Amino acid sequence: MQESIASDIAHLAVAANAGQLKVGSFARSERMVKWNEVLRIEQKLGSRAKFIGGEIYQRIFS
């Protein structure tokens, strides 16, 4: 997977308010690209950034 495509997935996850992003093992560079891009997005959003993590399941199943 190209790095630009991997970082696009991170943007989609944030834009969709997905709550989680499947990254996988950090043994491969394209997986690190996703994680690093999410961290950059968080920095740009500043205090507007919110990690909902496990709350996504409450949204889905309630």
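At a glance:
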item	result
Surface share of carbon and sulfur [accessible, 1.4 angstrom probe, percent] for the chain	56
Degrees separating the helix 3-15 axis from the principal Cα axis of the chain, which is the longest one	10
Debye intensity ratio I(q)/I(0), log10, the chain, q values 0.14, 0.16, 0.18 Å⁻¹ (C-alpha model)	-0.42, -0.53, -0.66
Folded to 0 to 90 degrees: helix 29-45 orientation relative to the chain principal axis, Cα	50
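The values are calculated or read from the model by the stated rules, or taken from the named source; none is laboratory data. The shown structure was predicted, so the numbers you read here are calculated from the model rather than taken from an experiment. Please note that ligands, DNA and RNA were not included when accessible areas were found on the heavy atoms of the full protein model with its side chains. Shrake-Rupley method; radii C 1.70, N 1.55, O 1.52, S 1.80 Å.
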